[in-house]
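Engineer: First the structure, which I've put down as structure tokens, then a few questions once you've had a look.
The values are calculated or read from the model by the stated rules, or taken from the named source; none is laboratory data. In this text the structure is predicted, and so the values were computed from the model without any measurement. Please note: Cβ atoms are built from the backbone with ideal geometry, for glycine as well, and neighbour counts cover all protein chains shown. Ligands, DNA and RNA are stripped out before the accessible areas are found, and what is left, the full protein with its side chains, is counted by its heavy atoms. Shrake-Rupley method; radii C 1.70, N 1.55, O 1.52, S 1.80 Å.
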Amino acid sequence: MKTKILIIEDEEKFARFVEMELTYEGYEVSKAHHGRTGLEMAESGDYDLVLLDVMLPGLSGMEVLRRLRRTSSVPVIMLTARDSVMDKVSGLDSGADDYITKPFAIEELLARIRNVLRKAPARSESQILRAGEVALDPGSRQVTVQGVPVDLTKREFDLLHYLLENKGLVLSRETILEKVWGFDFEGETNAVDVYIRFLRSKIDEAFGVKLISTVRGVGYVIRDEK
């Protein structure tokens, strides 16, 4: 299976050049030219590495990285025209795995990609999260119940992912909002209740299982069926 790389870069000619070089090297490449679009694609969980420009429209590269790190550990190499020490420190402190300054030789970028990928944990069966007959694969973003695929929206998947990651722990609505919706969410906590109902409709009710339990006055929990 080819290694999948996402390029988030607003300079389209530059992004196309990098894409061609990486494709020639055998990588499978996707591109985004806007910060918000790039974040949505990166959060899909289908990429092995992200090349992320700092200066982007919509959301800056630093903000994309900060938001991405709430839900994903995908390796990220920052691309930037800035070469100050503070810019590099800021990127690395925000969760970047490496940093390369434009202009750069493509050979250097390829070497940095190989180095970061060597350090990244390989995808494995152990990453699949399970509770009873429910299985969630973060890599493919696929959920199955009793072996049958279940179609979830991005938010439904992220919510289920977080609950399964914390299986056995009772999570408050506020904690779920912070981790799944983000610090900048301005809605009400009942958004959690609404999406819990969506999940129950697609999983609990559709398959006759008891996946998500309500702890009155506190929040929600997923426990293994006995």
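Engineer: Just to confirm the number: angle between the C-alpha axis of helix 154-165 and the first principal axis of the chain, 0 to 90 degrees, nearest 10?
Structural biologist: Here the helix axis deviates by roughly 70 degrees.
Engineer: Take every DSSP beta bridge with both residues inside the chain and express the antiparallel ones as a percent of the total, to the nearest 5.
Structural biologist: 50 percent
Engineer: For labels at S213 and M41 in the simple 7 Å Cα→Cβ model, what's the distance in nm?
Structural biologist: 4.3 nm
Engineer: Next up: Answer with a single label: of (1) 123; (2) 133; (3) 157, which was calculated as volume of the Cα convex hull per residue in Å³ from the structure in view?
Structural biologist: (2)
Engineer: From the cross-link list K2/K167; K154/K202; K4/K154, which pairs have alpha carbons spaced over 22 Å apart?
Structural biologist: From the list (K2/K167; K154/K202; K4/K154), the Cα-Cα distance tops 22 Å for K2/K167.
Engineer: Also: Suppose only helical runs count, i.e. DSSP H with n ≥ 4. What mean residue ellipticity at 222 nm does that imply for the chain under -39500 (n - 2.57) per run, divided by all residues and rounded to the nearest 500 deg cm²/dmol?
Structural biologist: The helix-only estimate for the chain comes to -10000 deg cm²/dmol at 222 nm.
Engineer: As an exercise, use a Förster radius of 25 Å and the Cβ-Cβ distance of T101 and Q127 to find the FRET efficiency, rounded to the nearest 0.05.
Structural biologist: That gives a FRET efficiency of 0.15.
Engineer: Can you give the accessible area of F17 in Å² (nearest 10), computed on protein heavy atoms with a 1.4 Å probe?
Structural biologist: Its heavy atoms expose roughly 100 Å² to the probe.
Engineer: Enter the angle in degrees (range 0 to 90, nearest 10) between the Cα long axis of helix 12-24 and the first principal axis of the Cα atoms of the chain, meaning the one along which they spread out most.
Structural biologist: The two axes meet at around 80 degrees.
Engineer: Kindly express, to the nearest 10 degrees and within the range 0 to 90, the angle between helix 190-199's C-alpha long axis and the longest C-alpha principal axis of the chain.
Structural biologist: 80 degrees
Engineer: Quick check: residue separation of L169 and F17 times 0.36 nm, minus the Cα distance between them. What number comes out in nm?
Structural biologist: The span from L169 to F17 would gain 50.0 nm if fully extended.
Engineer: Whole-Hz Karplus ³J(HN,Hα) for region 52-58, in order, using 6.51 cos²θ - 1.76 cosθ + 1.60 and θ = phi - 60°, x for Gly and Pro?
Structural biologist: 10, 6, 6, 8, 10, x, x
Engineer: Carbon-plus-sulfur fraction of the accessible area of the chain, 1.4 Å probe, in percent?
Structural biologist: Taking all protein chains in place, the chain shows 49 percent carbon and sulfur surface.
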